[in-house]
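All remarks here apply to the structure that follows.
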Amino acid sequence: MTINGWLQILFFFAVILAVTKPLGVFMAHVFNRERTFLDPVLRPIERIIYRLTGVKEDREMRWTEYAVAMLLFSMVSMLVLYAQQRLQYYLPFNPQKLAGIIPHSTFNTAASFTTNTNWQSYVPEVTMSYLTQMAGLAYHNFTSAAVGIALAIAFIRGIAQRQKDTLGNFWVDMTRATLWVLLPFCLVGSLVLVAGGVTQNLRPYDTVKLVDPQTIEVDKKDANGNVVTDASGQPVKETQQVTEQVIAQGPVASQEFIKEWGTNGGGFFNTNSAHPFENPTPFTNLIEMIAIFAISAGLTYTLGRMTGSQRHGWAVFAAMAVLFFAGIAVSYWAEAKGNPLLTGVDQTTSAMQSGGNMEGKEVRFGLANSTLWATITTNASCGAVNSMHDSYTPLGGLVPLANIQLSEVIFGGVGAGMYGILIYVVLSVFIAGLMVGRTPEYLGKKVEAYDVKMAMLNVLIFPLTILVFTAYSSISPDFGTSQLNNAGPHGLSEMLYAFTSGTGNNGSAFAGISANTYWYNTTIGISMLFGRFLMIVPMLALAGSLGRKKITPPSLGTFPVTTPLFAALLVSVILIVGALTFFPVLSLGPIVEHFLMYAGHTF
Amino acid sequence: MTKEKRTISIWDPKIISRAIWDSFRKLNPITMMKNPVMFVVEVGSVITTILLIRDIVTGAPNIGFELQITLWLWFTVLFANFAEAMAEGRGKAQAETLRRARTETMARRLTSNGQIEVVPAPRLRRDDIVIVSAGEFIPGDGEVIEGIASIDESAITGESAPVIREAGGDRSAVTGGTRVLSDQIKVRITSNPGETFIDRMIALVEGAERQKTPNEIALNILLAGLTIIFLLAVVTLQPFAIYSNSPQSIFVLVSLLVCLIPTTIGALLSAIGIAGMDRLVQHNVLAMSGRAVEAAGDVNTLLLDKTGTITLGNRQAVEFIPLSGVKEQELADAAQLSSLADETPEGRSIVVLAKEKYGLRGRDLQPHEARFIAFTAQTRMSGVDYDRREIRKGAADAIEKYVDTNGGQAPREMREIVERIAKAGGTPLVVADNKRPLGVIHLKDIVKGGMKERFDQLRAMGIKTVMITGDNPLTAATIARESGVDDFLAEAKPEDKMALIRREQAEGKLVAMTGDGTNDAPALAQADVGVAMNTGTQAAKEAGNMVDLDSNPTKLIEVVEIGKQLLMTRGALTTFSIANDVAKYFAIIPAMFSVAFPAINALNIMRLATPQSAILSAVIFNALIIIALIPLALKGVKYRPMSAAALLRRNLLIYGLGGIIIPFIGIKIIDVIIVALGLA
């Protein structure tokens, strides 16, 4: 670790801290339908949209109607994306003439983008046409993010309002989230990225001559394309001279910014933000990282503002910040320490090199910015990557995994992080609130049996989906473990990471696993849908229930949700629930791998 | 007070022996199912028992370890049952003393034609009229409709001093099983057999029909949810273990599961609830439902009647203020004379003041042919005529009128003094001798000792106190200031009280109040916690959700504390239980996998001797902690009045941080012991 590295990390955090209030105030205005500086432009557009769609702006919905509207909207969008992928060969903007996609992969991708996961089991540049990328995937990048923000706002309203049945209008919240919170910022952000060197075109792919031709060894194939084997059944190898390279192109920047701003994470290219056309410089890297955290950080301020307890908003922010720093500290430390088994390789940090474990990391980002990105992208349910998590040291790789397993509440996905952490707030208030000798209450709302039931239903989804699918895969040699690149604890981590990322709607890949198979596409697809919608429904039910309650005015006897102690309590509850659920499996994955690495084993 | 009678020692051998027997009886899976956490432990114990038998038959190795695990799992279930049985046992012991009060008595029932027939008490129905004379037991709950009697209510209140019950007014209710000491009363029975006060009380303390309170249900859901999460974590661990080439025995997996699920709170939860109700009964308060006890912990506003709660029942003379030209001694003398026959507490306080401050002893006026004038609502004066002296004392305007009609004139100075006293919140009584005003007696409400401190404590707890009084606002304000109460409602009529409660509730606050009269009944019913005085009318008792057998309005404060203590105990043990899991993971996980991956022993930070000793120690700790915490569950976490923030800090430190650290120490000690004993 270097001082320079830490300064960059602190600088990043300082920027997030600085944008939290303005963005939070802005979002509070937008969703309270108060004036903002964008109204002259956007208000007329909004009115036209409502007139065209027949949405009655002032009609509020109960939680059930809100949930049904959200589910229907998501289902229809998912079906459209499914159809679009299957039919892309016949659709325009396909200069590479890419074929329609196979069903299980299509299902996986449709689920992935609808749930704001953006897990990619395919290689985008050789699979998705420009139209699919722009009109299919990018559309979901906006709408899935807007759905998340709308839901968070609905939850906050439930906490803030007194004795009211309705939580707002889903269509209005969606529209306003898209028009005010997503589009204008993406317009500016994309242009900034273009200025920073990110590609934006609709050209066919370039083929260029390599400056330095390479010789590679490949399986020898016969005239029919079958692999030739020798007497012992081993494939016969032959050498091949590579002189040319195909360079993928595309409308990258427009998709890049929303990828981070909406915590989507689905890369235009397979290597995601490690690709120089997606993320060419440390400057674009910083912009993209800020974009990942901005809305989620801002929503903590919106929470404080809308509930009339600004300090509560900051307490939630503080809890998130503590967990964020814990993650980056461990990850940066582990990677900077390097790999003890790499003897004869200089891993020391110097002016000329980053040092530490640089495997799978871009030299233009170095250790600090790679581990920082890995931490925030898994904190925030984004899933974009600028380094390969599979190549991290065991503990360095444990951080992204654990971040997602803590339910994506460390800032979290746009909106999803907010309503996710609020579930934990309700649980913390319930568990510890009893200790002040009152029926637990959260900002004046009594937490009762129904609320606890809904919160627990929400919390159950994670262990249920992640543990059961991973367990099943781990003892299924035919379709589970056969797709692993690595054996032993590392292989377990790869499977665990895949289902964790899917259920957490993160979408980042540990890689090292061939996920584009029938089994993984289907089960990870299901994980993503469970992790999104099965968690949202009880969450909305809880919001509806809270919204109907009266508010007890605060007194000295009220459980304080504004203090550092509360933030510490919230952190402990998140850590303890997460750790108690996942410690056993983690101990057989990255933890034992760490000890084994120091005992001289590698996988 | 003879309160000790109700306090039963936790370690009463009779209760313990019955509780041990009950803990086995409660193993019945149908009853166990009501407690999901402990039901899972029982199912786990059954599974390991079956496997143990199989292993004994097949002669598998490790029988010693398997036997110990199985035994300790059963102990865990039994300890939980024991805790509940202990709590119930204390209630049962109390119920027995109550039952003795319900001895079969014969009742003299008045038939419709005026005849008296003797029937056994259980045959009495609602609206029957009975006659009870001195020395007889009152056959059932009822209302005195004729007569007045002194009654020994010690059977239900534990208070040995007799109380007065009379027809009409707010002290007409009598309870079955109490004994008439003097006189004869006619009683209208108000409850059918089996529904009487004592019956209800017995049912309550026995916990027979105890229903789970709302908060308990919510907590149970949380615990059930956590249990499912741990079930998933443990069940899926086996595939991961198989993948890692180190499959685990069922004994180890069941042990891990039992250690992780919140058995500590699961085992003690119902005991905490029963003990809470029990604590109320020890304070001679009877809650009609557990819900009311929980609500007491949440109270934001306390309505307290001034008289009897904040101030001593009556005003007392504190000063004699003579008019100019009158000696203090002379005024004191006249005041004393006028009050010698005055049996009201105010009158007596004047005599006392005259004696203490001016050395005037009581005098025998018999030889003087004294004629005492009693207070009437018309004259609003009292006094004495003797030796041609006419001494009167009374309200200022009454004396003024009396002086006027007799040709005298009340001096301005008198009015000034009267006004000054009234402004200070006191009550002025003017004394006149032969129509000549001598001076003024200052009567004052005396605030009970320690009230200010109690209100300060309540304020620290975030509870607002409102004094209810019929006094004028001026007097009320003075007493409010003196007693330190937060707010007051002066010249309060019953409907004002009701309006105040509604207003507070509309703001989302919970209100508690006490009351005894029939006109309090609507407000008692409206309040979230309504404590009716046992001396009160039947209507008041039915409207409230608690009855205070001692009829002590200050008790409300204790009731609030008991409610808080109940919730706190639950929260503390839940936090403790969950925090315990951290250490158990560090004991069991390395033990499970250290054979396949010796490197993982780095997680064995307690340095437990062997994998078997580690697992066994965790299971034993998990069982023993239940026993260790039974006294805490039954007595409740100590409640100190302080702000929620301070309480939270304190309890999180003790039960949260303590809950993380203690098992590390406990498991290590058990490990050392079982290794020394050669058990593992």
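The values are calculated or read from the model by the stated rules, or taken from the named source; none is laboratory data. Keep in mind that what you see is a predicted model, and the values were worked out from it rather than measured. All Cβ positions, even for glycine, are placed from backbone atoms using ideal geometry, and neighbour counts span all protein chains on display.
Do we have A:Ala579 as farther than 25 Å from A:Ala160 by Cβ, surrounded by fewer than 19 Cβ atoms within 10 Å (Cβ to Cβ) and within 7 Å of chain B (Cβ to nearest Cβ) here?
No, not satisfied.
Given the options A:Ala368, A:Ala402, A:Ala432, name the one that is assigned to a helix (DSSP H, G or I) and within 16 Å of the chain's Cα centre (by Cα).
So the residue among A:Ala368, A:Ala402, A:Ala432 that is assigned to a helix (DSSP H, G or I) and within 16 Å of the chain's Cα centre (by Cα) is A:Ala402.
Can we say B:Gly266 is crowded, with 24+ Cβ neighbours inside 10 Å and modelled with pLDDT under 90?
No, not satisfied.
Taking B:Val582 as meeting all but one of (1) farther than 22 Å from B:Lys306 by Cβ; (2) surrounded by fewer than 24 Cβ atoms within 10 Å (Cβ to Cβ); (3) touching a Ser or Thr at 6+ places or on another chain (Cβ under 9 Å), write down the number of the exception.
Of the numbered conditions (1) farther than 22 Å from B:Lys306 by Cβ; (2) surrounded by fewer than 24 Cβ atoms within 10 Å (Cβ to Cβ); (3) touching a Ser or Thr at 6+ places or on another chain (Cβ under 9 Å), the odd one out for B:Val582 is (3).
Quick check on B:Phe251: is it of a type in the set (Phe, Trp, Tyr), within 11 Å of chain A (Cβ to nearest Cβ) and either under 47 Å from the mean Cα position of the chain (by Cα) or buried (at least 21 other Cβ atoms within 10 Å of the Cβ) (or both)?
no
For residues in region B:592-605 being more than 9 Å from chain A (Cβ to nearest Cβ) and either buried (at least 21 other Cβ atoms within 10 Å of the Cβ) or touching a Pro at 6+ places or on another chain (Cβ under 8 Å) (or both), which is farthest from A:His594 (Cα to Cα)?
B:Val595
Does B:Ala579 count as farther than 30 Å from B:Leu677 by Cβ, within 14 Å of chain A (Cβ to nearest Cβ) and small (Gly, Ala, Ser)?
no
Identify the single condition in (1) surrounded by fewer than 24 Cβ atoms within 10 Å (Cβ to Cβ); (2) within 14 Å of chain B (Cβ to nearest Cβ) that A:Leu534 does not satisfy, given that it satisfies every other one.
(2)
Which of the residues belonging to region A:582-603 are more than 7 Å from chain B (Cβ to nearest Cβ) and in a helix (DSSP H, G or I)?
Matches in region A:582-603: A:Phe582, A:Leu586, A:Gly589, A:Pro590, A:Ile591, A:Glu593, A:His594, A:Met597, A:Tyr598.
Is there a residue in region B:427-445 that is of a type in the set (Gly, Ala, Ser), surrounded by 22 or more Cβ atoms within 10 Å (Cβ to Cβ) and more than 14 Å from every other protein chain (Cβ to nearest Cβ)?
Looking for residues that are of a type in the set (Gly, Ala, Ser), surrounded by 22 or more Cβ atoms within 10 Å (Cβ to Cβ) and more than 14 Å from every other protein chain (Cβ to nearest Cβ), one finds at least one in region B:427-445, hence yes.
For region B:261-375, which fully contained strands (runs of 3 or more DSSP E) count at least 2 residues that are within 14 Å of chain A (Cβ to nearest Cβ)?
Of the strands (runs of 3 or more DSSP E) lying wholly inside region B:261-375, those with at least 2 residues that are within 14 Å of chain A (Cβ to nearest Cβ) span B:301-305.
Tally up the residues in region A:499-509 that are under 17 Å from A:Ser391 (Cβ atoms) and in contact with a Gly (Cβ under 7 Å, 6 or more places away or on another chain), please.
Qualifying residue count for the region: 2.
Could you tell me which residue of region B:30-75 is farthest from B:Thr227 (Cα to Cα), considering only residues that are modelled with pLDDT of 90 or more and among the polar types (S, T, N, Q)?
Ranking the candidates gives B:Thr58 first.
Which condition from (1) assigned to a strand (DSSP E or B); (2) closer than 26 Å to A:Pro22 by Cβ is the one that A:Leu193 breaks?
All conditions pass for A:Leu193, except number (1).
Condition test on B:Ala476, is it buried (at least 22 other Cβ atoms within 10 Å of the Cβ), farther than 25 Å from A:Thr552 by Cα, more than 14 Å from chain A (Cβ to nearest Cβ) and at pLDDT 85 or above?
So B:Ala476 does not fit the description; no.
Scan region A:224-235 and tell me whether some residue there is farther than 26 Å from A:Leu71 by Cα, at pLDDT below 85, part of a strand (DSSP E or B) and hydroxyl-bearing (Ser, Thr, Tyr).
Yes, the conditions are met somewhere in region A:224-235.
Looking only at residues in region A:443-488 that are among the hydroxyl-bearing types (Ser, Thr, Tyr) and surrounded by 23 or more Cβ atoms within 10 Å (Cβ to Cβ), which one is nearest to B:Leu566 (Cα to Cα)?
A:Thr465
When you go through (1) within 14 Å of another protein chain (Cβ to nearest Cβ); (2) modelled with pLDDT of 85 or more one by one for B:Ile417, which number turns out not to apply?
All conditions are met except number (1).
Kindly indicate whether A:Gly437 is facing chain B (nearest Cβ under 7 Å), of a type outside the set (A, V, I, L, M), out of contact with any Leu (no Cβ under 8 Å at 6 or more places or on another chain) and on the phi > 0 side of the Ramachandran plot.
no
What number of residues within region A:372-399 are under 23 Å from A:Gly262 (Cβ atoms), of a type outside the set (A, V, I, L, M, F, W, C) and not in a loop (DSSP other than H, G, I, E, B)?
6
Can you pull out the residues in region B:481-499 that are among the charged types (D, E, K, R) and either closer than 18 Å to B:Leu510 by Cα or modelled with pLDDT of 90 or more (or both)?
The answer is B:Asp486, B:Asp487, B:Asp496, B:Lys497.
So which residues in region A:458-509 are more than 8 Å from chain B (Cβ to nearest Cβ), hydrophobic (A, V, I, L, M, F, W, C) and in a helix (DSSP H, G or I), if there are any at all?
A:Ile461, A:Phe462, A:Ile466, A:Phe469, A:Met495, A:Leu496, A:Ala498, A:Phe499
Can you work out which of the residues in region B:622-653 that are more than 8 Å from chain A (Cβ to nearest Cβ), touching a residue at least 12 places away in the same chain (Cβ under 8 Å) and farther than 25 Å from B:Met86 by Cα is surrounded by the most Cβ atoms within 10 Å (Cβ to Cβ)?
Looking at the filtered set, the residue picked out is B:Pro641.
Only one of A:Ser545, A:Ser572, A:Ser587, A:Ser527 is within 20 Å of A:Phe155 (Cβ to Cβ) and at pLDDT 90 or above; which?
The conditions single out A:Ser545.
Test B:Val547 against the stated conditions and say whether it is assigned to a strand (DSSP E or B), touching a residue at least 60 places away in the same chain (Cβ under 8 Å), over 18 Å from B:Val466 (Cα atoms) and away from chain A (no Cβ under 14 Å).
Against the criterion (assigned to a strand (DSSP E or B), touching a residue at least 60 places away in the same chain (Cβ under 8 Å), over 18 Å from B:Val466 (Cα atoms) and away from chain A (no Cβ under 14 Å)), B:Val547 qualifies.
Please identify the pairs in which a residue from region A:335-351 that is closer than 12 Å to A:Leu367 by Cα has its Cβ atom under 6 Å from the Cβ atom of a residue that is of a type in the set (A, V, I, L, M) and at pLDDT 85 or above, counting only partners at least 6 apart or on another chain.
Here the result reads A:Glu335/A:Leu367; A:Ala336/A:Leu367, each pair linking region A:335-351 to a residue that is of a type in the set (A, V, I, L, M) and at pLDDT 85 or above.
Can you tell me which residue within region A:547-566, out of those that are surrounded by 22 or more Cβ atoms within 10 Å (Cβ to Cβ) and of a type in the set (A, V, I, L, M, F, W, C), is nearest to the other protein chains (Cβ to nearest Cβ)?
Among them, the one singled out is A:Phe559.
Restricting attention to helices (runs of 4 or more DSSP H) lying wholly within region A:25-143, give those where 3 or more residues are among the basic types (Lys, Arg).
A:39-53
Taking B:Val258 as the residue in question, decide whether it is away from chain A (no Cβ under 12 Å), buried (at least 22 other Cβ atoms within 10 Å of the Cβ) and under 21 Å from B:Gly659 (Cβ atoms).
For B:Val258, the condition - away from chain A (no Cβ under 12 Å), buried (at least 22 other Cβ atoms within 10 Å of the Cβ) and under 21 Å from B:Gly659 (Cβ atoms) - is met.
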